[in-house]
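Computed from the coordinates by the stated procedures, all read-outs in this text should not be read as laboratory data. Note that the structure is a prediction, hence the values are computed from the model and not measured. Cβ placement follows ideal geometry from the backbone for every residue including glycine, while neighbour counts extend to all protein chains displayed.
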Amino acid sequence: MNMDNLNQLDGQYSTVKQLLKLSYDKLPSHLKPCFAHLSLFAKDIDYPADYLFYCWSALGLLRLCDGSCLEHKIFIELLSRSMLQDVKWFFDKEVATFKIHDLLHDLAGDVLGKELAVVTRSNISMPDSSRYIAWGLSDLSDKEFPEQVKARKARAFVFHYEMRSVSQSFLKGIISEMPCLRVLHLAGSQFEELPSSIGKLKHLRFLNLSKNALLRSIPESICKLLNLESLLLDRCIQLKQLPRGIYKLTSLRYFCLTTCQTSLVGTNFNRLPSLQLLELHSCMRLVSFWDDEDVGRLTSLRKLRIVNCPKLATLPNSMKLLAGLEELVIVNCDELDLERGECLSGLLSLQKLSIVGVPRLSCLPNGLQSAAISLRYLWIIECGGLAELPNWIQSCVSLQDLSIENCRNLLSLPTYITEMCNPWWRRLVSNSACP
């Protein structure tokens with residue numbers, strides 16, 4: 001069944017679902033639970049692939065093989081079998097976002113059966129056997145948590161759609177009535193405080209509080225969640241500070257943050273030993289990062305993304321200690337000076353570098369030569385100050401994709417690029433300003 005044809009077949013709902021069920025039945029056993037749990041995601045909405053991967057991990061769906069997670073392989077297998085749609089790619093080969101078609105979503109829900117409870121205005125009750133709760137009611141500003149909801153063994157609670165205000169009593173009800181939660185997805189819901197009782201969810205591995213425009217602080221009790229792997233606080237534009245004990249989250253692997261702080265010095269999140277992916281998003285007042293002396297504790301960090309931080313002036317020199325960093329993405333940082341200091345030196349494992357909307361960039365820092373052997377993807381886009389490319393780029397023997405777009409001051413390209421003399425390279429250079 002080709003995904004391109006599904007929209008045309010919606011009218012033949014039953015027939016199509018039977019065909020899709022046949023496709024599901026043919027899935028290898030390790031793919032079936034990963035597909036079934038897609039029913040926790042809302043229909044036809046773009047989701048970041050990283051969100052899916054860490055959610056799978058939180059629910060214990062990923063197997064380990066020789067110490068490596070299989071999430072990317074599982075995703076590609078589901079995609080090749082038309083179980084996902086509208087995938088967008090980053091760095092050509094890395095999944096950025098995806099959607100699940102409504103028919104496939106319904107099939108995934110059927111597979112979970114009674115373990116999945118979808119709460120709507122006409123159906124609030126659920127059996128004790130429910131393990132996954134998808135909440136579809138909005139406007140919970142004055143609502144108590146329903147007494148008829150009894151799911152003491154629930155593993156996941158998600159808001160399927162962005163909510164308006166959510167009352168403290170409702171939030172406290174979720175926490176008290178579902179002590180075994182592994183996934184708590186409250187993205188888009190609006191409340192000023194997270195109840196301190198959140199620290200009682202000892203099994204919690206995935207907590208999404210993103211897109212909350214009212215949230216001002218996170219209780220210290222969150223630092224008791226020693227199994228927490230993912231914490232999403234992006235687009236929480238009123239968030240004033242992080243808990244001082246956040247370094248105690250020793251299992252944290254995925255951390256997205258928006259804060260109105262001017263500096264992250266003293267926040268201690270740079271002491272998280274398991275952190276793999278760190279994204280700073282829309283920190284509009286942020287000027288400086290962390291304490292230099294502690295950054296070496298981020299020994300597991302593989303991906304660092306800095307997006308829409310217009311006042312950030314420099315990156316700390318201690319970034320050169322991030323020897324395991326494989327991906328660095330910098331987007332829309334107007335004041336950032338990457339040529340100052342040694343922040344990009346010593347990145348011996350860097351494979352992917354994307355610099356977008358950094359007007360103060362005039363030339364790539366020489367310190368990046370340390371990544372000459374490992375660098376595979378280099379994207380420089382909408383950097384109006386870029387005037388030249390360094391000669392050391394021709395030493396990047398692993399480079400597969402060099403993309404330069406809309407850099408108006410780059411009036412010519414070096415001969416080593418225009419002649420395409422290096423047989424290892426597969427380049428894409430798109431720059432209308434270059435003759």
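Okay, here's what the table says:
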read-out	value
Mean Cβ count within 10 Å, highest first, over the residues of peptides 389-401, 201-213, 45-57	201-213, 45-57, 389-401
Fewest-first sequence of HIS30, HIS185 by Cβ atoms within 10 Å of each Cβ	HIS30, HIS185
Cα-based shape type of region 24-105, given that a ≥ b ≥ c are square roots of the gyration tensor eigenvalues and the cut on a/c is 1.5	rounded
Helix-only mean residue ellipticity at 222 nm for the chain, each DSSP H run of n ≥ 4 adding -39500 (n - 2.57), per residue, nearest 500	-4000 deg cm²/dmol
Beta bridges per DSSP with both ends in the chain, % antiparallel, nearest 5	15 percent
Degrees separating the helix 13-25 axis from the principal Cα axis of the chain, which is the longest one	70 degrees
Whole-Hz couplings from phi, Karplus 6.51/-1.76/1.60, listed for region 347-358; x for Gly and Pro	7, 6, 9, 5, 10, 10, 10, 10, 10, 10, x, 10
Nearest 10 degrees, 0 to 90: helix 102-112 Cα axis against the chain principal axis	60 degrees
Region 302-435 shape via C-alpha gyration tensor axes, a/c threshold 1.5	oblate
Cα long-axis angle, helix 71-80 against the chain (0 to 90 degrees, to the nearest 10)	80 degrees
Option label - Cα extents along the principal axes in Å computed here, alternatives [x] 58, 44, 35; [y] 70, 51, 39; [z] 55, 52, 47	[y]
Region 302-435: relative contact order as a whole-number percent, Cα under 8 Å and 6+ apart	18 percent
Cα-Cα over 32 Å, subset of LYS153/LYS352; LYS211/LYS352; LYS114/LYS172	LYS153/LYS352
Taking the chain and dividing mean pair separation by its residue count, relative contact order in percent (alpha carbons under 8 Å, at least six apart)	7 percent
From phi via Karplus (6.51, -1.76, 1.60), per-residue ³J(HN,Hα) for region 43-59 in Hz, x at Gly/Pro	5, 6, 10, 5, 10, x, 4, 4, 4, 4, 4, 6, 5, 4, 4, 4, 8
Rounded to whole Hz, the Karplus (6.51, -1.76, 1.60) HN-Hα couplings of region 386-391, x for glycine and proline	5, 10, 7, 10, x, 5
Segments 316-325, 333-342, 72-81 sorted - mean Cβ within 10 Å per residue, highest first	316-325, 333-342, 72-81
